[in-house]
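Derivation of every value follows stated rules applied to the coordinates shown; laboratory data play no part. These figures come from a predicted structure and were not determined experimentally. Every residue, glycine as well, gets a Cβ built from its backbone with ideal geometry; the counts of neighbours run over all protein chains shown.
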């Protein structure tokens, strides 16, 4: 069923359909108002081409019955199933948040702590379903919703099948999404709870690394790789990830179902044991403390706030440029956050040692304070007032370029180790470019723009290729999403004066240009929050695809939790 936005459609004289929010394999999902109870719900309507098929209608009805029988905080609730004329529909809980697919698309990857928390909650949902004899069979980011308070909701038990019931599909039919499909599903064999755990293992890999382990030209080609190829360890793709999580992914994605975790509860327990920084302070922080609720076209803020790790940790913390909070990403040189007990534990330890707070302890505290002040003074004197942030992406930095605020400590220049943005990044597939940049010790963010170039191809970098970069710095990528617009201003030349201005002001100057699209990507910077620090294309260059990307400061490099990954075009 397709709904005309200008027409009012009411099903069963109760549910008034509003905008479409999703399209699935079996139909469309719309926001709707339950006129009887006065609440917002989601209504899934079976596609017209399937409504005449008894098998599809029965599968759709069974979806409602299956999901309605599952009651758990981590499962999206089904309220109703009904038929209005030829329209078969399910009424579901409207989850106020965003799906994990969008978070990963915009952020690239999320912190290990957040990945573990999401996976634990998915385990809780699956545990309830499996005990009820239900296998989800399609665990993927698009079926995992994250609410602002951090609660995860697993949605769409639409292809779930009660254990012991006859399948509605022919033998050998592959159900589920190829990128996350289990080997037994790829073979068309019988699925089990272990199949969901395999898919969750692939999902955990995706959250940790920002990519799925296998790709291919067709869904069948991808599914075949799940049959034979071992899933690589996440830490081999993103150096610095905790090795403990490699073990969880490896066991969950074992090829033989019997070699995986015995049930979802066992996998959840393994995740809890291996949660990075799993102390009292970390567990007290809600996942969604800084998660924005996404509307159409909105971008995602950081999933959670984390401690600013040491330089060694920042060099390996991909896509997460060390914001403030409770957890530091573990690296080969373990940051202090991993070695320091939670405040409550620290106090009990001191009590066991007899509260050594005598004169000698006070003297040592004074010595440490004095040394810290001297070190800070020397750092400021050596840094000097003229030390600047690395150059913009191909942009000639002029007198109008922003300089660090006086209250912000100067950043270390790239000349310290001679590192520069590698040549050859532009033109690479996004995944390859990200991997190369991470291996050089920097964080990565990207923004997607419509372009005539192939989907996933890197179009530009910030800073530009060959320009200086420092360990822990964030490098922004402009990536093609294909789907070039019908009208594009390819003759517009990026003007002077954008760098150093406020992002909203810069956008308002550009947007009146016919056929020109303006988007932005936010990165950590010593410049004031909201200030333009660079552009793509560079100043003076034409917009070959009719788009200008504003590179915008999200604030101090030690607070990259501010802002979004990018406002995609």
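Exposure proxy ranking for 458, 113, 83, based on other Cβ atoms within 10 angstrom of each Cβ and starting from the fewest, stands as 83, 458, 113. Spherically averaged projected area of the convex hull of Cα atoms, segment 10-93: 5.4 nm². Per the Debye formula with a single identical scatterer at each Cα and no solvent contribution, what log10 I(q)/I(0) holds for segment 86-142 at q = 0.25 Å⁻¹? For the requested q values the scattering log ratios are -1.18. Footprinting exposure proxy ranking of 435, 255, 44, 504, fewest other C-beta atoms within 10 angstrom first, gives 504, 255, 435, 44.
If the Kirkwood radius is taken over C-alpha pairs of segment 1-149, then at 4 °C and 1.567 mPa s the Stokes-Einstein diffusion coefficient equals 78 µm²/s.
Summarised as an ellipsoid, segment 459-542 has semi-axes of 23, 17, 12 Å, derived from the eigenvalues of the Cα gyration tensor scaled by 5 and square-rooted, with the largest first. Using alpha carbons only, the radius of gyration of segment 22-70 set against its Kirkwood radius gives Rg/Rh = 1.02. For segment 51-110, the alpha-carbon coordinates run over 43, 25, 18 Å along the three principal axes, in decreasing order. Each residue in 98, 190 was given a count of other beta-carbon atoms within 10 angstrom of its own, and listing them fewest first yields 190, 98. The distance from the alpha carbon centre of segment 474-538 to that of segment 32-94 is 42 Å, rounded to a whole number.
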